[in-house]
1. Do you know which residues across region 51-81 are under 19 Å from Phe16 (Cβ atoms), in contact (Cβ under 8 Å) with a residue 24 or more places away in the chain and part of a helix (DSSP H, G or I)?
2. Please go through region 50-80 and give me each residue that is open to solvent by less than 100 Å² (accessible area, probe 1.4 Å) and under 26 Å from Leu94 (Cα atoms), ordered by number.
3. So in region 82-94, with the set limited to residues that are in contact (Cβ under 8 Å) with a residue 24 or more places away in the chain and aromatic (Phe, Trp, Tyr), which one is farthest from Ala40 (Cα to Cα)?
Amino acid sequence: MHEHPFVSESHEGKPFFEWIVAAIVAMCMIAAVLRYQMAATIIISVAAIMLGLMRITLRQRSPWKVRSVGFDAFISIFWGIGLLVTFFSVWLML
């Protein structure tokens, strides 16, 4: 018999950890508004990469869960790398 996928909050990430991630995003937003775009980009990119690596390492015990381990890790790590590559490619053109 197939296991039914869970979609409720009780089976997803831990709320305290989601608030930590939200605080990091808010901190990056404030830094960007204060014209520290490079710092904001690096912080949020490193946070995304760390979330992906944490998801791979902790698997089902990870406090950061959205979908499957592979999906979460892929999206987090490549979004972080892609954001850095995009930012620095534009920055080098200026």
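1. Leu51, Ser76
2. If the condition is that a residue be open to solvent by less than 100 Å² (accessible area, probe 1.4 Å) and under 26 Å from Leu94 (Cα atoms), then Gly80 is the only one that fits.
3. First, pick out the residues of region 82-94 that are in contact (Cβ under 8 Å) with a residue 24 or more places away in the chain: 83-84, 87, 91.
Next, from what is left, pick out any that are aromatic (Phe, Trp, Tyr): 87, 91.
Working: Phe87: 11, Trp91: 14 Å.
If we take residues in region 82-94 being in contact (Cβ under 8 Å) with a residue 24 or more places away in the chain and aromatic (Phe, Trp, Tyr), then Trp91 is farthest from Ala40 (Cα to Cα).
The values are calculated or read from the model by the stated rules, or taken from the named source; none is laboratory data. Not measured: the values here are computed from a predicted model. So basically every Cβ, Gly included, is an ideal-geometry build from the backbone, and we count neighbours across all protein chains shown. Accessible surface is based on the protein model in full, side chains and every heavy atom, while ligands, DNA and RNA are left aside. Shrake-Rupley method; radii C 1.70, N 1.55, O 1.52, S 1.80 Å.
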